[in-house]
Amino acid sequence: MNYSSRASNGPAVLLNDMDVPIIKLDDAHKHLLDRDGAMAMAANFQDAIDLVNELINYGTNLVVRAFASSDRDLKAICVLFVQLRQFLTHLDGVSILLAAGNCGTADLQLRSLLEGAHLIEWTFAKDTEAKIQYLYVGNLRRRREWDKSVISGTPEFAKHFDVTAGLQIAPEDLKEVTAEGAKIDALLGKPPFDAINAKFTPHYTQRGFDEPWYKVYGAASIRSIADDLGRLKEYTYIYSVLSGVTHGSDIWKNVFFGAGKIEISPLREPQHLPRVVQLAATLAIRIYRLILCEFRSGEEQNFDRKYIHEWRKRFLRKYDIELMPQIMTV
């Protein structure tokens, strides 16, 4: 005779006539994924999550205010609407993941935040106008490639044919795409963009894709950028560690081998939430001050007062909360 049961800390289980447990596959295995439990544990750190959300709110307003007081030039567009906006996208992702107690995936967002922060800081450090031009050319080239990938007879169409062959492009849309590609060609043919465009070409010709704009400018890697900024330790102890998580190569974060047993960590690890918040907030505060210095000089003191009166207490808070997500032993 078969019957079902549900343990308090596990998924629904069927026991067959030989008393062999069969996991009900349409339920999550509670040891690996307890959604409700992770969210309940994350709620213990709600004031820290609120801090991240307030920083996101401030950043969204900063984008608009900084542009209003800028020269509304290419630098303002690229820094505020490309680099800072992307930074805020990842910061918002951190907030969403933290509310779900999913600190492991939040680490991927942290890696992107740190990379974005280093690139923004490096862009401002020196030769800002030239770096912005490389960023712009890199984006123009990417846009042009995808435009031409749907235009029959172009090398890009042949290259991406396996992806674009089934696309149905309306004649008016094709006309618009063709016109945009021609405009980009014209832009890339004018100084100073023509010389920069030429630097992208050899790698594309040889490999079929462009190097990142900062490499074409002259930076060997994100690591070298961190070194230029005097933040090599930050790269070594934060970025490289988070890269291991991103690429799924961190064994010890996921599994522990003991004597005759293997322990597997759950997918969500809300106990790490304060660490994620502190790093995310550190990067946000750093970048916001840079943006203020560049586009709204004189407002830094107001920002510092806001930090002291509204954010510092939560930023520095030490939690006396012990969370023990269940480890599955096999």
As a quick test, which of the pairs LYS75/LYS313; LYS233/LYS318; LYS75/LYS199; LYS215/LYS306; LYS215/LYS313 have an alpha carbon distance above 30 angstrom in this structure? LYS75/LYS313; LYS215/LYS306; LYS215/LYS313
In straight Cα distance, which aspartates and glutamates are under 18 Å from LYS148, not counting same-chain residues fewer than 8 positions off? GLU156, ASP162, GLU172, ASP173, GLU176, GLU180, ASP185, ASP210
Determine the calculated [θ] at 222 nm for the chain from helices alone, applying -39500 (n - 2.57) to every DSSP H run no shorter than 4 residues and normalising by the residue count; nearest 500 deg cm²/dmol. -18000 deg cm²/dmol
Debye intensity ratio I(q)/I(0), log10, the chain, q values 0.11 Å⁻¹ (C-alpha model): -0.91
Most exposed first, judged by fewest Cβ atoms within 10 angstrom, LYS131, LYS126, LYS215 run LYS126, LYS215, LYS131
Candidate lysines for bridging to LYS261, where Cα separation is under 30 Å - those fewer than 8 sequence places away on the same chain excluded: LYS24, LYS30, LYS253
In debye to the nearest 20, the charge dipole size for the chain, taken about the Cα centre with +1 at each Lys and Arg Cβ and -1 at each Asp and Glu Cβ, equals 700 debye
Rank by packing, highest mean first: peptides 156-169, 63-76, 82-95, with packing defined as the count of other Cβ atoms within 10 Å averaged across residues. 82-95, 63-76, 156-169
Run the numbers for LYS233 and SER69: contour at 0.36 nm per residue of separation, minus the present Cα-Cα distance, in nm. 55.6 nm
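Read the figures in this text as sums done on the coordinates, not as results from a lab. The structure displayed is predicted, hence computed values, not measured ones. Counting neighbours? That spans all protein chains shown, and the Cβs are built from the backbone with ideal geometry, glycine included.
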